[in-house]
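The values are calculated or read from the model by the stated rules, or taken from the named source; none is laboratory data. What you see is a predicted model; the values in this text were computed from it and never measured. Methodologically, a virtual Cβ is constructed for each residue, glycine included, from the backbone with ideal geometry; neighbour enumeration extends over all protein chains shown. For accessibility, only protein heavy atoms count, side chains too; no ligands or nucleic acids. Shrake-Rupley method; radii C 1.70, N 1.55, O 1.52, S 1.80 Å.
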Amino acid sequence: MRTEAAVVLVAHPSLLRELIERCERLSRRVASGGGSDTARQLEDAAYTLCVVTGTRRLDAALFVARRQLADAMARQQPRR
């Protein structure tokens, strides 16, 4: 019987942090009346975040990215 292991890729914490911050910043700009260029930048950032988190919606991508970032930070904490 042959089984295949699932491979889960997790983006580097610095990339996750940068994408989260970019999406949040652009979302605020769009909400406060940002133009079509800002909306397009948000679409691009959201697409990238969705790809690196394996999701299809920005809210889900932000949730997963924040969880992955928190997990990465927890692994970096020295154990006592």
query: Name the pairs whose Cβ atoms lie under 7 Å apart, with the first residue in region 59-80 and within 14 Å of Leu15 (Cα to Cα) and among the polar types (S, T, N, Q), the second open to solvent by 60 Å² or more (accessible area, probe 1.4 Å) and modelled with pLDDT under 90, and 6 or more positions between them or separate chains?
result: Gln68/Val10
- request: Inspect all residues belonging to region 12-24 and state whether any of them is open to solvent by 80 Å² or more (accessible area, probe 1.4 Å) and at pLDDT 95 or above.
  value: yes
message: Need the failing condition index for Arg66 against (1) exposed (fewer than 13 other Cβ atoms within 10 Å of the Cβ); (2) modelled with pLDDT of 95 or more, just the number.
response: (1)
